[in-house]
Amino acid sequence: MMKKLQNKYSFFFIVAIMLWIKTYFVYEFAFNIETENKMEGIILFLNPLSSILLFLGFALFASPKYRNRVLLIIDFIGSFILFANVVYYREFTDFITIPLLFQTNNMGELGNSITELVSGYDFFLFLDIIVLAVYLMVRKTKTFEVKKKEIAIVFASAIALFAVNVGLAETERPQLLTRTFDREMLIKYIGTFNYHVYDAVLQSKAKAQRAFADGSEIVDIENYVKANHVEPNPEMFGKAEGKNVILVSLESTQTFVVNEEVDGKEITPFLNDLIEDSYYFPNFYHQTAQGKTSDSEFIVENSLYGLPSGAVFFTHSGNEYNASPEVLSEEGYYSSVFHANNKSFWNRDVMYDALKYDKFYDINDFSVTPENSIGWGLKDEYFFDQSIKYLKTMPEPYYAKYITLTNHFPFTLEKEDEYIPEWTSDDGTVNRFFTTVRYQDEALKKFFERMKEEGLYEDSIFVLYGDHYGISQNHNKAMGEFLGKEITPFETTQLQRVPLVVHIPGQEGEVMEQVSGQIDLKPTIMHLLGIETKDMIKFGNDLFAEKQDNFTILRDGSFITEDHLYTNNVCYDKETGEETDKAACEPYMEKAKTDLAYSDKIVYGDLLRFFGENNEQPADESEKTEQ
Ligand code: GP9
Ligand code: MN
């Protein structure tokens, strides 16, 4: 009897154990998950098992003839999930969430980056499947009927194991599943597969939230943001009224390269000069999460935060917004985006409609050849150059957004475009980064020259900002070498600073030291153009206002004030970079949480559909909003 059972389930257990071992290897060698004590080690070891039993358990419903094949298919799906996470983790030190997994558009486009990120070792994730498939083909395995009771035992064991897992996790980390989550912690405690299930539940919750949201929720938020509104500085309000706006998203550009040299060579000579007669914000932070460039676009144009996971450009492109292009069109502006990439990347073609852009110049509007491309596509110099003809015939005033691309991971460049040589550390990514940043700087210089030649410069204002970090924490060693200091969590947070340059032709420059973030750009630009924002739902404030709150929240809940920085539950003194009494950060914690939570509520509930002119609800609904 026992022997028969053993035979019957041997294939099942081999597959289960292989998948378990693979998952554990991935934790250990690909994710670098550190365990702080023995118990964490045990939890990490056990956590894949419950979901593996559960998923493989479904194969038991298959007819005996196909059961082993179904087991291998499930093994393949599990292994592929691991593989995708490994590749993603390699660059972003983070785990995939469901919406990202379905971004096949993006995955297909990753091209260059993918080849850089996939390693030969990844093949081992599929080796067992190949061996077992061959085994199934050459050896006729006996077929067995499984009893309902046996299936029940497998599922019951999976559930029991899961309960033990969560129980252990909860004693180690109380409220793990109810608190705002940290993906790494979830993987560590409940395992990668359970995490994906949890993520799926969160995503469906978001869908449900929209269905159940009603107009009354926007009222509290409206009161809250209005109470935080800061009056514009009369000296600056309307300073650029009626001017064209050129918004430039600088790919992966971080503040640490500005006014810096590598091996005695300036990394951003043009920006360094431009800053001299511009408003320059050295303490400006990106606030993006997994949506990267698209998150930055979302934040900058809505003064709302991106989402904690996934890309809002994908998950909520059907929402009502009141983004800058829409606001400006009411003031007679024409809005356009230049980005020489596939229009569906980050779901832009769909999202730009929701943001009410008049025109999106995508890859088809540029002449892209192998000669003028590198890495992700058209080189920045050609990109800017080819856009000029469109600007020249664009209805004025216009709001034109440029999204650059050359300074994108893996930071490749042809020799002829290297204005400075690569750096010489052990880390190729960081070495190349300086060279591609320098290339981007040259492209900007030529763009400004062209704008002047074509007579397009005088009537425009230029807002240049870094979209997100380019160098992830995977490169701390080389970064530490470059900066000459150890990269602590404090330094990592400080490295989230990206440049912001506001250049108004004819205006003198000034270095604006206040702490600020991408969320502040919309009201800042609106006020420069003489457009009031006091009735808008926004989470940022005008960076030229006399009263500055000196406070910026990052998407992971970290925040920075004039004197302190809070990240990973630790409060740091900004001056020393040393840990300090938490009490110093305490007064800001509530505001950081509330801002993020309210912003998320708007996005998840699609609440702007109940606000202002968007309010198209039937009478009984609008009554609610007027309470
Ligand atoms: C893709 C470009 C880069 O179109 O915006 O996206 P990123 O990977 O930086 O989010
Ligand atoms: Mn980007």
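May I ask you to give the percent of accessible area on region 236-544 that is carbon plus sulfur, with a probe radius of 1.4 Å? Could you put the intermediate results ahead of the total?
On the way: 4260 of 9800 Å².
Of all accessible area on region 236-544, carbon and sulfur atoms account for 43 percent.
In what sequence, highest mean first, do 34-47, 353-366, 316-329 appear when ranked by Cβ atoms within 10 angstrom?
316-329, 353-366, 34-47
Which one, Ile14, Gly557, Phe124, is farthest towards the positive end of the dipole of the chain when Lys and Arg carry +1 and Asp and Glu -1 on their Cβ? Value computed over the given set: Ile14.
What is the distance in Å between the Cα centres of region 426-456 and region 572-600? Taking the Cα centre of region 572-600 as reference, the centre of region 426-456 is 36 Å away. Given their separation in residues at 0.36 nm each and the Cα-Cα distance between them, Leu127 and Ile159 gain 8.7 nm when the chain is fully extended. Amide H contacts under 5 Å for Tyr399: Val245, Tyr334, Ser335, Ser336, restricted to partners 5 or more places along the chain or on a different chain, H placed in the peptide plane at 1.01 Å from N. Picking from Asn47, Gly318, Ile218, whose Cα lies most toward the positive end of the charge dipole for the chain (charges on Cβ: Lys, Arg +1; Asp, Glu -1)? My answer, from the dipole projection, is Asn47.
In this simple spin-label model, placing a label point 7 Å from the Cα along the Cα-to-Cβ direction at both Lys205 and Glu562 gives a separation of 3.8 nm.
Using the average count of surrounding beta-carbon atoms within 10 Å as a protection proxy, the listed peptides 559-571, 411-423, 289-301, 135-147 rank, highest first, as 289-301, 559-571, 411-423, 135-147. Taking the Cα centre of region 236-544 as reference, the dipole from Cβ charges on Lys and Arg (+1) and Asp and Glu (-1) amounts to some 600 debye.
Each Lys and Arg contributes +1 and each Asp and Glu -1, all at the Cβ; summed about the Cα centre of region 113-271, the dipole is approximately 1380 debye. May I ask for the distance between the Cα centers of region 511-570 and region 26-52, given as a whole number of Å? First find each Cα centre; the distance between them is then 39 Å. Rounded to the nearest 20 debye, the dipole size of the chain about its Cα centre is 4800 debye, using +1 on the Cβ of Lys and Arg and -1 on the Cβ of Asp and Glu.
Projecting label points 7 angstrom from Cα along Cα→Cβ for Asp426 and Leu136 puts them 4.3 nm apart. Each of Gln203, Val463, Gly167 was scored by the projection of its Cα onto the charge dipole of the chain, and the greatest displacement toward the positive side belongs to Gly167; charges sit on the C-beta of Lys, Arg, Asp and Glu. Beyond 24 Å in Cα-Cα separation lie the following of the pairs Lys65/Lys148; Lys38/Lys582; Lys243/Lys401; Lys226/Lys292; Lys8/Lys148: Lys38/Lys582; Lys226/Lys292. Measuring from centroid to centroid over Cα atoms, what is the spacing of region 459-507 and region 263-339 in Å? Spelled out, the Cα-based centre of one part sits 14 Å from the other.
Would you mind getting the accessible area per residue of the chain, heavy atoms of the protein chains only, 1.4 Å probe, in Å²?
Values: 27300 Å² over 627 residues.
Ligands and nucleic acids excluded, the result is 44 Å² per residue.
Note on Glu532 and Glu546: their simple-model spin labels are 1.9 nm apart, each label 7 Å out from Cα toward Cβ.
The values are calculated or read from the model by the stated rules, or taken from the named source; none is laboratory data. Note that the structure is predicted; figures quoted are calculated from it, not measured. Because the Cβ atoms are built from the backbone with ideal geometry, glycine has one as well, and the counts that use them run over all protein chains shown. SASA here: full protein model, heavy atoms, side chains in, ligands and nucleic acids out. Shrake-Rupley method; radii C 1.70, N 1.55, O 1.52, S 1.80 Å.
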